[in-house]
């Protein structure tokens, strides 16, 4: 993928794709546009692809990769989060997004405006990475203050989601599962929704012997010790399923014959509670909690398996990246990325992500077939690596541009007013 500095040098180069010929401006409104992960990485990939084609790009976000700030590669509109408040930040992001979109569309009516979910109600392209209406549960053991706050914010997120998505002309979903949820929970007509899968960084190929050894040294894990990795947020809502994993791991480690260790990478409000539970159980060496880390690549390099017993996951970039690294992933069948698993990998899909017994059985199955699971995941890893972030961005642009906006500035202004 081209980075912004490269974009300046190649802006005048011949354009490779028919979609690249569309050089009207684009506005991207997102909480984050950077390469560190998740939907923020997808937004950064789209911006980078457009800039490589010489397309004028406006980025409205809280957190932007420094590469987009160098040499005026993109027009960046940074939005603060006063006192670290997400609520105030969301309000300011939408206000700034609407203002920038209006200004750019006034100058160029063919401008494409991309928003993410409910973050900004603009009647053009909405890229959906998460459906708030599809997941409303919270952990019953969460503090009362969190439950009250979560209910309030969730109601607001769902309301904004409905307004923004009903205003959109084109909706892009990150999986067919997300598409199904948009139709079922929000009653969006299927013809307005396109599915575009996330891409892969081709440099994240299969783990080399040297890379694995270095990652094991960093974690102080013997090379012969089987390692299972969990990568994800540790929130009170239990969405990522770490509570199920913890219960399963306690049961497995009660068996003297179980020789695998678990490495947990991720942060969130429930992090301290999990760490305390692990320490009380004397499991710090068998259930290692790293907390937030920017070394996910190394965590995956050390692992023989990724486990992700999620209760709701629109896609699952952590799983995608693990498979690209040649690491088998035991995941919930309800996760969006599960739809990309071929039938012969069905034993790597959990039927009930809340079942401790099923997770224990599948982990034992993996341990007894550790070499074959690694071999069997290879073809899926090859397929995912072959579809790069640039390929994803090209598919996104083609999906959006195949439906001309056919609008004028007056109709856009009226539509925004109606949406708000």
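The values are calculated or read from the model by the stated rules, or taken from the named source; none is laboratory data. Since the model is a prediction, treat every value here as computed from it, not as a measurement. All Cβ positions, glycine included, derive from the backbone under ideal geometry; neighbour counts span all protein chains shown.
One residue stands out among those in segment 339-370 that are free of Cβ contacts under 8 Å to residues at least 60 places away in the same chain and under 17 Å from residue 312 (Cβ atoms): the one that is surrounded by the fewest Cβ atoms within 10 Å (Cβ to Cβ), which is 351. Based on what the data block shows, is residue 271 at pLDDT 95 or above and touching a strand residue (DSSP E or B) at 6+ places or on another chain (Cβ under 9 Å)? No: the conditions fail for residue 271. Residues of segment 347-369 that are in a loop (DSSP other than H, G, I, E, B) and farther than 14 Å from residue 248 by Cα: 351, 369. The residues of segment 248-281 that are surrounded by fewer than 16 Cβ atoms within 10 Å (Cβ to Cβ) and under 17 Å from residue 358 (Cβ atoms), listed by number, are 251, 255.
Looking at residue 62, is it more than 26 Å from residue 317 (Cα to Cα) and at pLDDT 95 or above? Explain how you work it out, then say what you get.
Details: more than 26 Å from residue 317 (Cα to Cα): no; at pLDDT 95 or above: yes.
Taking the combined requirement at face value, the residue does not satisfy it.
Considering 245, 330, 290, 262, the condition of being in a strand (DSSP E or B) and either out of contact with any strand residue (DSSP E or B) (no Cβ under 9 Å at 6 or more places or on another chain) or closer than 30 Å to residue 182 by Cβ (or both) is satisfied by 330 alone.
Please work out if residue 145 is part of a loop (DSSP other than H, G, I, E, B) and either in the same structural domain as residue 338 (by TED's automatic domain parsing) or modelled with pLDDT under 95 (or both).
Working: part of a loop (DSSP other than H, G, I, E, B): no; either in the same structural domain as residue 338 (by TED's automatic domain parsing) or modelled with pLDDT under 95 (or both): yes.
In short, no.
Can you confirm whether segment 223-241 contains a residue that is part of a helix (DSSP H, G or I), touching a helix residue (DSSP H, G or I) at 6+ places or on another chain (Cβ under 9 Å) and touching a residue at least 12 places away in the same chain (Cβ under 8 Å)?
Step one: list which residues in segment 223-241 are part of a helix (DSSP H, G or I), which gives none.
The answer is no; no qualifying residue exists.
State yes or no: is residue 299 touching a strand residue (DSSP E or B) at 6+ places or on another chain (Cβ under 6 Å) and touching a residue at least 12 places away in the same chain (Cβ under 8 Å)?
yes
Taken over segment 181-202, the residue count meeting the criterion of being assigned to a loop (DSSP other than H, G, I, E, B), surrounded by fewer than 18 Cβ atoms within 10 Å (Cβ to Cβ) and at pLDDT 95 or above is 2.
Can you tell me which residues in segment 143-183 are in contact (Cβ under 8 Å) with a residue 24 or more places away in the chain and more than 29 Å from residue 400 (Cβ to Cβ)? Answer for segment 143-183, where residues must be in contact (Cβ under 8 Å) with a residue 24 or more places away in the chain and more than 29 Å from residue 400 (Cβ to Cβ): 143, 146, 150, 153.
Only one of 136, 178 is part of a loop (DSSP other than H, G, I, E, B) and in contact with a helix residue (DSSP H, G or I) (Cβ under 9 Å, 6 or more places away or on another chain). Can you tell me which?
Only one candidate passes the filter, namely 136.
For residues that are modelled with pLDDT of 90 or more and part of a helix (DSSP H, G or I), scanning just segment 68-82, find the one that is farthest from residue 149 (Cα to Cα). Please lay out each step first, then the result.
The first filter runs over segment 68-82 and keeps only residues modelled with pLDDT of 90 or more, leaving 68, 74-82.
With the extra rule that they be part of a helix (DSSP H, G or I), the set shrinks to 68, 82.
On the way: 68: 35, 82: 18 Å.
Checked segment 68-82; the qualifying residue farthest from residue 149 (Cα to Cα) is 68.
Of all residues in segment 205-238, those satisfying the criterion of being crowded, with 19+ Cβ neighbours inside 10 Å and under 30 Å from residue 132 (Cβ atoms) are 229, 230, 231, 232, 234, 235, 237, 238. Of the candidates 333, 326, the single residue that is free of Cβ contacts under 8 Å to residues at least 24 places away in the same chain and in the same structural domain as residue 264 (by TED's automatic domain parsing) is 333. Could you please let me know if residue 87 is outside any loop (DSSP other than H, G, I, E, B), at negative phi and modelled with pLDDT under 90? Yes: the conditions hold for residue 87.
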